[in-house]
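Since the structure comes first, as structure tokens, the remarks are kept for the end.
The values are calculated or read from the model by the stated rules, or taken from the named source; none is laboratory data. Every value quoted in this text rests on a predicted model; they were computed, and no experiment measured them. Using ideal geometry, Cβ is built from the backbone for each residue, glycine included, and neighbour counts are taken over all protein chains shown.
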Amino acid sequence: MSGPLDERDSRWINEHQIGVEVRQGRSTDVLGTAVTRVLPTKGRRTVGPWCFVDLIIPPDADDPDPLEIGPHPHIGLHTVTWLFTGEALHSDSLGTEQVIRPGQLNLMTAGRGIAHAELSSPEGVIGAQMWVAQPEATRHGDPGFEHHGVLPIIERSTWRGRVLLGSYGGVTSPARIDSPLVGIDMHLTPGRSLLELDPTWEYGVVPIDTAVKVAEDIVEPGWIGLVERGPHEVPLEAGHGGARVLLVGGEPLGERIQMWWNFVARSKEEMTEAWRAWQAHDTDRFGPVPTKLARLDAPRPPWLSPD
């Protein structure tokens with residue numbers, strides 16, 4: 001016997017048509033700090049313009065190591081710093097010295113070039129360091145820095161979140177963006193949530209503290225569930241204790257980027273030029289940073305022949 005589909009049937013069919021790719025993050029070490037690198041991942045460099053997501057979540061979360069990263073350069077990106085616990089001092093070549101604490105956002109724009117350093121309190125930090133690739137229209141522009149002590153909160157019946165960047169559901173972050181995107185720190189209640197999407201965007205769901213079901217796929221903490229363009233919504237399901245996730249997404253950048261060390265560019269030649277400027281202590285491009293931490297020396301680009 002057959003009959004017309006009701007709304008529940010249609011939703012069940014649509015869920016199974018949602019394309020979700022699950023990728024496992026990898027553990028790495030950043031100058032003595034253990035991180036989980038979620039993006040880039042094998043075969044996938046970007047989610048919208050988001051090109052880098054590191055979770056600073058040490059194996060012993062009750063006793064994290066201090067974060068000490070000396071002056072180093074960036075080009076062609078925004079750094080997005082978001083802490084879950086602890087506090088850190090950001091210093092940069094614009095003369096900025098800014099403490100960041102949980103619930104606050106540091107956004108640094110590299111443009112044609114900036115240098116910065118990061119130093120946490122002795123108790124260490126837990127959080128996320130993310131990069132957004134700047135589009136061609138702004139990536140050669142002036143560097144900048146913003147600190148946002150208060151970010152807007154969005155509330156739905158089954159989840160609550162802070163909008164870090166961009167807009168969602170009529171709630172807009174005050175932070176600068178150079179292309180259409182969104183970033184949200186979400187707290188899911190136990191059970192099922194339905195997340196509305198822009199069908200022309202790409203999204204990534206990154207669980208922080210416990211596994212989350214994204215459509216029909218289980219995504220573990222430190223992994224990413226990649227939702228391709230097409231669906232207008234995606235179901236998320238958290239266990240009995242709820243879950244915390246980062247949502248990143250945006251319009252595809254439309255430009256093929258290249259990444260190496262701390263640089264986001266479009267060619268190896270651009271990255272070589274930036275590397276040479278840093279090695280030569282070119283203060284016109286990468287000025288001095290007000291910090292006692294030692295300046296980082298750049299590795300030699302692997303595509304250059306030995307001296």
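Remarks
- For segment 170-205, a tally of residues being part of a strand (DSSP E or B), β-branched (Val, Ile, Thr) and over 16 Å from Gly19 (Cα atoms) returns 4.
- Within segment 275-286, none of the residues are surrounded by fewer than 16 Cβ atoms within 10 Å (Cβ to Cβ), among the acidic types (Asp, Glu), out of contact with any Asp or Glu (no Cβ under 8 Å at 6 or more places or on another chain) and outside any loop (DSSP other than H, G, I, E, B).
- Count of segment 239-274 residues, restricted to those that are farther than 15 Å from Pro49 by Cβ and in a loop (DSSP other than H, G, I, E, B), is 7.
- Residue in segment 153-168 that is more than 18 Å from Thr81 (Cβ to Cβ) and at pLDDT below 95 present: no
- A single member of Val289, Val234, Val227 is surrounded by 15 or more Cβ atoms within 10 Å (Cβ to Cβ) and either under 22 Å from Arg37 (Cβ atoms) or among the acidic types (Asp, Glu) (or both), and it is Val227.
- Close pairs from segment 127-155: first polar (S, T, N, Q), partner in a strand (DSSP E or B) and surrounded by fewer than 16 Cβ atoms within 10 Å (Cβ to Cβ), Cβ under 9 Å, at least 6 apart: Gln129/Val30
- Where Gln98 falls short, out of the listed (1) within 19 Å of the chain's Cα centre (by Cα); (2) surrounded by 15 or more Cβ atoms within 10 Å (Cβ to Cβ): (1)
- Considering residues of segment 72-93 that are part of a loop (DSSP other than H, G, I, E, B) and buried (at least 18 other Cβ atoms within 10 Å of the Cβ) only, the residue modelled with the lowest pLDDT: Gly86
- Any hit, segment 246-255, residues being buried (at least 17 other Cβ atoms within 10 Å of the Cβ) and over 19 Å from the mean Cα position of the chain (by Cα): no
- Test for Arg192: is it surrounded by fewer than 20 Cβ atoms within 10 Å (Cβ to Cβ), over 30 Å from Ile114 (Cα atoms), at pLDDT 95 or above and touching a strand residue (DSSP E or B) at 6+ places or on another chain (Cβ under 6 Å): yes
- Taking each residue of segment 284-302 that is farther than 14 Å from Ala117 by Cβ and basic (Lys, Arg) and looking for partners that are surrounded by fewer than 17 Cβ atoms within 10 Å (Cβ to Cβ) and modelled with pLDDT under 95 with beta-carbon atoms closer than 9 Å, six or more apart or interchain, yields Arg300/Pro306; Arg300/Asp307.
- For Val38: the one exception among (1) at pLDDT 95 or above; (2) more than 21 Å from Gly225 (Cα to Cα); (3) surrounded by 22 or more Cβ atoms within 10 Å (Cβ to Cβ): (2)
- Unmet criterion (only one of (1) at pLDDT 95 or above; (2) among the polar types (S, T, N, Q); (3) over 24 Å from Gly204 (Cβ atoms)) for Ser121: (1)
- Only residues that are surrounded by fewer than 18 Cβ atoms within 10 Å (Cβ to Cβ), assigned to a strand (DSSP E or B) and not hydrophobic (A, V, I, L, M, F, W, C) were counted across segment 206-224, and they come to 1.
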